[in-house]
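We did not get these values from a lab; they are worked out from the coordinates using the rules stated. Computed from a predicted structure; not experimentally measured. Note that each Cβ is placed from the backbone with ideal geometry, even for glycine, and that neighbours are counted across all protein chains shown.
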Amino acid sequence: MYIIKVGGGSEINLEGVVKDLATLDQPFVVVLGANALRDRLAQRFGHEKVELTSVSGYSSVFSDVEAIDLIMMAYSGLSNRRFVELCQRNGINAVGLTGLDGRLIQGRRNRGIKVREGGKTLIKRDFSGKPARINEALLKTLLEQEYRPVISIPIIDEAGFAINSENDDIVAALQDSLQANKLIQLIEAPGFLEDKDRETSMIATLSVGELKDREATVEGRMKRKMLALRRLFDSGAAEVIIADGRTEHPVLNALAGQGTTIR
């Protein structure tokens, strides 16, 4: 059983990803990103993306009603539909889902993000939250019937509202339910980079202990990334592979050990 997180960057080779998936002899779940598409749509509709940094140093996208609409258009709409189409063209009986469908991913709405603005501490409230529970019965029924779920945000909150959530947190919740043998994260880099501006600085292996040390030394979205990776191991992961999604064979290369392996 594999959980495969496909990044939403514009350079990810989606056709290569799907062709590799078609060769796998194990069931899998895909968590699909679409941040580049969302940003293009936001620009087209004149919606400016707002990023907040909490007082504890973690960055996130501020999700108002318009941002949720864009998520539905980009992630659960165009991106998910096209990826499922690619799967069907390559013999994969994929099913596109959001966290809303059948309450697949039940979340908890954030009470608010504490930020510093103009020398004051403010609470920013929006439509965002964290996954709290997976509808295991629905997901496992699909997998047992040999469907391949392709999951996109939004997820659903306690009152039935669509909310934004981090795909890294969704992957951790899925791992807690499915206990996958391997987790693969496909990004626009060869793997985890010591220096984000130098692709030659890739680190081949990391231990779980090193993640906590690195989390203390980085900022913004990378800080959140380190925390999310640690939570995967708290959820029972044995191995996470961060690999290049731009190559001809992104998934097969990752399974062959190319990229950064965390154990």
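Which values, in whole Å and largest first, are the semi-axes of the equivalent ellipsoid of the chain obtained as the square root of 5 times each eigenvalue of the Cα gyration tensor?
Rounded to whole Å, the semi-axes are 27, 23, 18.
Out of Ile92, Ile156, Ile123, any idea which swings most in a Gaussian network model of the chain, alpha carbons joined below 10 Å?
Checking each option, the largest mean-square fluctuation is seen for Ile123.
Please give the calculated 222 nm ellipticity per residue for the chain, where each DSSP H segment of at least 4 residues contributes -39500 (n - 2.57) and the sum is spread over every residue; nearest 500 deg cm²/dmol?
Theoretical 222 nm ellipticity from helices: -9500 deg cm²/dmol.
Pick out, in residue order, every one of the trypsin sites (Lys or Arg not before Pro) in segment 104-209 that is DSSP loop and has at most 16 other C-beta atoms within 10 Å; say none if there are none.
Arg111, Arg125, Lys196, Arg198
Work out which chymotrypsin sites (Phe, Trp or Tyr not before Pro) in the chain are exposed loop sites (DSSP not H, G, I, E or B, at most 16 other Cβ within 10 Å) and give the longest gap free of them.
Within the chain, the longest run free of exposed chymotrypsin sites (Phe, Trp or Tyr not before Pro) spans 1-146.
Which length gain, in nm to one decimal place, applies between Glu188 and Arg82 when the Cα-Cα distance is subtracted from 0.36 nm times their residue separation?
Gain on stretching Glu188 to Arg82: 36.2 nm.
Taking the Cα centroid of segment 208-247 and of segment 31-47, what is the distance between the two, rounded to the nearest whole Å?
That distance is 25 Å.
Find, among the GluC sites (Glu not before Pro) in segment 194-246, those assigned to loop by DSSP (not H, G, I, E, B) with at most 16 other beta-carbon atoms within 10 angstrom.
On the way: sites: Glu194, Glu199, Glu210, Glu215, Glu219, Glu239; in loops: Glu194, Glu219, Glu239.
For GluC sites (Glu not before Pro) across segment 194-246 that sit outside H, G, I, E and B with at most 16 neighbouring Cβ atoms in 10 Å, the list reads Glu194, Glu219, Glu239.
Can you tell me the relative contact order of segment 85-141? Whole percent, Cα pairs under 8 Å, sequence separation 6 or more.
Computed value for segment 85-141: 33 percent relative contact order.
Over all distinct Cα pairs, what is the inverse of the mean 1/r for segment 5-48, reported as the Kirkwood hydrodynamic radius in Å?
12.1 Å
Would you mind computing the Rg to Rh ratio of segment 8-106 from its alpha-carbon coordinates, Kirkwood style for Rh? Walk me through the numbers before you get to the answer.
On the way: Rg = 15.6 Å, Rh = 15.2 Å.
My calculation puts Rg/Rh at 1.02.
Taking only Cα atoms and a 10 Å spring cutoff, compute GNM fluctuations for the chain and point out the largest among Gly91, Gly57, Gly46.
Comparing Gly91, Gly57, Gly46 in a Gaussian network model of the chain, the most mobile one is Gly46.
Where the centroid of each part is defined by its Cα atoms, how far is segment 71-137 from segment 140-179 in Å?
Their Cα centres are 8 Å away from one another.
At 0.36 nm per residue, and after removing the present C-alpha to C-alpha distance, how many nm does the segment from Met1 to Val208 gain when stretched out fully?
Details: separation 207, 0.36 × 207 = 74.52 nm, distance 2.14 nm.
Value of the extension gain: 72.4 nm.
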